[in-house]
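Have a look at the structure below before the remarks.
Please treat every number below as a calculation from the coordinates, not as lab data. These figures come from a predicted structure and were not determined experimentally. Ideal geometry is used to build each Cβ from the backbone, glycine not excepted, and the neighbour counts take in all protein chains shown.
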Amino acid sequence: MRKAEITRKTKETDISIALSLDGGNIDINTGIGFFDHMLTAFAMHGGFGLQIKAIGDLQVDQHHTVEDVGIVLGQAFFKAMGDKSGIARFGSFYVPMDEALAFAAVDISGRPYLVFDADFPQENCDSYDSCLTWEFMRAFSFNAGITLHTKVLYGNNTHHMTEALFKAVAHALRLALERKENNILLSTKGVL
């Protein structure tokens, strides 16, 4: 079973994550309602079992909590993927949400990289600062060791645009993590 549990405690945050790449319970509590909604959608659409308990210095702002959840979730993905034998490796997906359209492409390559192309028209979704989506995606992709390209093609509602993006990333990851019958490692180098 492709699972991982990671705990990380700093002076700013205390985060515990349990992840199953093959499904399971979803229970998210970061103290940031909109972020919980995005992570729940991410887990549901990716087909991941995901439990997150995060306590952060929200009296300062949400930045540390969102970024650190990205770090720990990326570490959990990295651990749960193991040696990456037998996975599809690549995945891409479009998600429409009302007037918004988002795209994500992923390569489980061992070479962390993020391309993030999204201009959000509103600065906030409730109390969540829309610039934190970039912070999360950067921390997640670099700690998971994946190449991630994301783009919001259009939209005029930041909530719809952000949610479409989280769902597109989830579906792209789900496809990239699909098991293949031959169990071959898709790399001419012999390592990912």
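For GLU181, GLU5, what ranking results if the residue with the fewest other Cβ atoms within 10 Å of its Cβ goes first?
GLU181, GLU5
Tell me, how many Å apart are the Cα centres for segment 41-107 and for segment 3-39?
Segment 41-107 and segment 3-39 have Cα centres separated by 10 Å.
Quick one: which of LYS53/LYS151; LYS3/LYS180; LYS79/LYS167; LYS11/LYS167 span more than 25 angstrom between C-alpha atoms?
Among LYS53/LYS151; LYS3/LYS180; LYS79/LYS167; LYS11/LYS167, the Cα-Cα distance tops 25 Å for LYS53/LYS151; LYS11/LYS167.
Which angle between 0 and 90 degrees, to the nearest 10, do you get for helix 63-81 versus the longest principal axis of the chain when only C-alpha atoms count?
It is inclined by approximately 10 degrees.
Using only the alpha-carbon atoms of the chain as identical scatterers, what base-10 log of I(q)/I(0) does the Debye formula give at q = 0.09, 0.12, 0.17, 0.18 Å⁻¹?
Once normalised to I(0) and log-transformed, intensities are -0.30, -0.53, -1.08, -1.21.
Explain nothing, just the number: relative contact order of segment 1-47, from Cα pairs under 8 Å at least 6 residues apart, as a whole percent.
Contact order relative to length: 29 percent.
State which stretch of the chain is the longest one without any exposed trypsin sites (Lys or Arg not before Pro), exposure meaning a DSSP loop state and at most 15 other Cβ atoms within 10 Å.
12-179
Helix 132-144 against the longest principal axis of the chain: what's the angle in degrees, Cα atoms only, rounded to the nearest 10?
In the chain, helix 132-144 runs at an angle near 20 degrees to the longest axis.
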